[in-house]
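The values are calculated or read from the model by the stated rules, or taken from the named source; none is laboratory data. What you are looking at is a predicted structure, and each value in this text was computed from that prediction instead of being measured. Every residue, glycine among them, receives a Cβ derived from its backbone with ideal geometry; neighbour counts consider all protein chains shown.
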Amino acid sequence: MPEVLTDSDAPPVVSIVVPVRNEADNVGPLIAEIAAALDGRWAYEIVYVDDGSTDATPQRLAALRRERANLRQIRHAKSCGQSAAVRTGVRAARGAIVATLDGDGQNNPAFIPELIQALERGGDRFGLAAGQRVGRKDTGFKKVQSRVANKVRDAILRDGTRDSGCGLKAFRRDVFLALPYFDGLHRFLPALVRREGYDIVYVDVADRPRLSGVSNYGFFDRLWVGLMDLAGVWWLIRRKKAVPVATEVNEC
């Protein structure tokens, strides 16, 4: 169990990054759940990245910021996609450890402490703690879609991950920022973290229905882009070379 911190002004050890787009009705309940899961455990901040919402999401976040000193709000002028929103949040994060979850409420924040603790127990050799959903609450079509996509991805990348699409993850900020960036990066984190030589720990997390609203992501919107991304990540892994051990020589 980590040391309990009571100083509200302490610099954050953990940053919770939540990408959202048009989730006005979900921000309040989800932030309350994040606080319930983390209060008294770590000094933390919550970084919401609003990916060009056109509903009341910005106004709801602004109102909540007046109540919560550790809540930050970053806004994209126009929608740039989930990977861009996650990267914006990680770059802005002040904690050495970053945890992410989707903003629709399907990811239960109660699992965040378990992910962080699993990452900390692994020491420096672990770069990622990845949630693996059980009891999926998606439609039958989406379950089949995810199952097929994960089998194809694992056959090509061999990343040992049965559920790369789970938004619940914890990782070291410096490890994430060292990864090659591209749109769709968040779906390939296990393979890319392994590419950098780090181990991964997996944690089973319970899935649940979204709190309200409808999904912003569709099957046919992602199908062809996902196939191209898969080919690109395969190429990146194949092209990875060992990092030379280098020391500066100071003696004359």
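Within segment 13-32, the set of residues being out of contact with any helix residue (DSSP H, G or I) (no Cβ under 8 Å at 6 or more places or on another chain), part of a helix (DSSP H, G or I) and among the aliphatic types (A, V, I, L, M) comprises just one member, ALA32. Over 22 Å from ILE112 (Cα atoms), surrounded by 16 or more Cβ atoms within 10 Å (Cβ to Cβ) and of a type outside the set (A, V, I, L, M) - does that describe any residue in segment 28-50? The answer is no; no qualifying residue exists. In segment 128-144, is there at least one residue being over 12 Å from the mean Cα position of the chain (by Cα), among the acidic types (Asp, Glu), over 19 Å from VAL175 (Cβ atoms) and at pLDDT below 95? Yes. Here segment 75-90 is the region considered, the condition is being in a helix (DSSP H, G or I) and among the hydroxyl-bearing types (Ser, Thr, Tyr), and the residue that is modelled with the lowest pLDDT is SER83. When ARG94, ARG72 are checked against the criterion of being surrounded by fewer than 17 Cβ atoms within 10 Å (Cβ to Cβ) and at pLDDT 95 or above, ARG94 stands alone in meeting it.
If you go through segment 148-181 one residue at a time, how many are modelled with pLDDT under 90, loosely packed, with under 15 Cβ neighbours inside 10 Å and of a type in the set (A, V, I, L, M, F, W, C)? Qualifying residue count for the region: 4. Taking TYR202 as the residue in question, decide whether it is closer than 22 Å to GLY95 by Cα, hydroxyl-bearing (Ser, Thr, Tyr), crowded, with 17+ Cβ neighbours inside 10 Å and at pLDDT 70 or above. Judged against the criteria, TYR202 is a match.
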